[in-house]
1. Given segment 226-284, what strands (runs of 3 or more DSSP E) lie entirely inside it while holding 3 or more residues that are open to solvent by 30 Å² or more (accessible area, probe 1.4 Å)?
2. Output the number of residues of segment 78-93 satisfying the condition of being assigned to a helix (DSSP H, G or I), open to solvent by 50 Å² or more (accessible area, probe 1.4 Å), within 18 Å of Phe271 (Cβ to Cβ) and not polar (S, T, N, Q).
3. Could you check segment 138-175 and list, in sequence order, the residues that are part of a loop (DSSP other than H, G, I, E, B), in contact with a Ser or Thr (Cβ under 8 Å, 6 or more places away or on another chain) and at pLDDT below 95?
4. Restricting the search to segment 60-88, which residues are among the small types (Gly, Ala, Ser), modelled with pLDDT of 85 or more and out of contact with any Lys or Arg (no Cβ under 6 Å at 6 or more places or on another chain)?
5. Could you say whether any residue in segment 140-163 is under 22 Å from Asp210 (Cβ atoms), open to solvent by less than 20 Å² (accessible area, probe 1.4 Å) and in contact with an Asp or Glu (Cβ under 6 Å, 6 or more places away or on another chain)?
6. Mind checking which residues of segment 58-79 are touching a Leu at 6+ places or on another chain (Cβ under 8 Å) and either of a type in the set (Val, Ile, Thr) or without any contact (Cβ under 8 Å) to a residue 24 or more places away in the chain (or both)?
7. Looking only at segment 94-124, which residues are open to solvent by 20 Å² or more (accessible area, probe 1.4 Å) and in a helix (DSSP H, G or I)?
Amino acid sequence: MRVLVTGASGWIGSAVVPELIGAGHQVVGLARSDASAAALTAAGAEVQRGSLDDLDILRSGAAASDGVIHLAFKHDIAFSGDFQGAADADRRAAEALGEALAGTDRPFLIASGTLGVSPGHLATELDGHGANPAVAAWGDGPRTRAETAEFVLSLASRGVRSSVVRLPPTNHGDRDSGFIAFLVGIARDKGVSGYIGDGANRWPAVHRLDSARLFGLALDNAPAGSTLHAVTEEGVPVRDIAEVIGRHLDVPVVSIAPEDAGEHFAWMAGFLGADSPASSALTRELLDWQPRELGLIADLDQDHYFESPAG
């Protein structure tokens, strides 16, 4: 297939692109900068210059493709105070891509999240559809993003082989700059590795190479309207994450009171305090997806998260 990938040079996308090319697909990657374009060219992909705000480019790119994988999200503004703006841009992009694919029966995959799908309970692919009070409680931005996922699933009734791949809060691996790297940075800066309360709350996890393989399988085989979970480990206690970070940095591991979490962890406090385990049993059965990379704690023990920022 000729596959349009947004976010193709990002953390997940840079793993998805070689996965698709290795399977014989031709990849067209959306690139908003010269650096992204150069990275895509080096990976063997064709470059389409543009951003999520270039809706006409998205429509024409999707119309000229045999399938679309939408991974891009404005994380830079989302985590600097404008999650709503990022979610709104994501919704407009999904609508433009979906409009171009309507009636074609071509695959359209988007990335979503497992965090908050079923707080305190093991979330399955069947959960989190329709009204979701937990997501709503986090604010309008997260609710908008959840509604975008439901919109994409609804495209199955308009002749699109749509599916949503829910990703855990950590897609870990070498050169990760996401949540785990942020936690390491906080621990290094503050001289303690913290967790909130008793730290028993759980985060699901996956290695980014395993999630990339799932996107490849879904592109080829996921039925229309599928919700998929890219989850290797159902729930790693946050305290366990804090302990391995403390051990590698040789700093104390401490509990942060919930009322002090915002000051200590900044924007990440709400995410870090969530108890949101998730299962991928239905996904594994549906697509025969078999994760084979390291688990989160074992990956943390590889040391790459703890290399000097200057080195």
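The values are calculated or read from the model by the stated rules, or taken from the named source; none is laboratory data. Since this is a predicted model, take the numbers as computed values, not measurements. In this analysis, Cβ positions are derived from the backbone assuming ideal geometry, glycine residues included, and neighbour counts consider all displayed protein chains. These accessible areas exclude ligands, DNA and RNA; they are computed on the full protein's heavy atoms, side chains included. Shrake-Rupley method; radii C 1.70, N 1.55, O 1.52, S 1.80 Å.
1. Counting at least 3 such residues, we get 233-237, 253-256.
2. So the count comes out to 0.
3. Hit for segment 138-175 is Pro169, nothing else.
4. Taking segment 60-88 first, the residues among the small types (Gly, Ala, Ser) are 60-65, 67, 72, 78, 80-81, 85-87.
Then drop every residue that is not modelled with pLDDT of 85 or more, which leaves 60-65, 67, 72, 85-87.
Of everything in segment 60-88, those that are among the small types (Gly, Ala, Ser), modelled with pLDDT of 85 or more and out of contact with any Lys or Arg (no Cβ under 6 Å at 6 or more places or on another chain) turn out to be Ser60, Gly61, Ala62, Ala63, Ala64, Ala72, Gly85.
5. no
6. Once the filter is applied, which keeps residues that are touching a Leu at 6+ places or on another chain (Cβ under 8 Å) and either of a type in the set (Val, Ile, Thr) or without any contact (Cβ under 8 Å) to a residue 24 or more places away in the chain (or both), segment 58-79 yields Val68, Ile69, Lys74.
7. Glu95, Glu99, Ala100 - these are the residues of segment 94-124 that are open to solvent by 20 Å² or more (accessible area, probe 1.4 Å) and in a helix (DSSP H, G or I).
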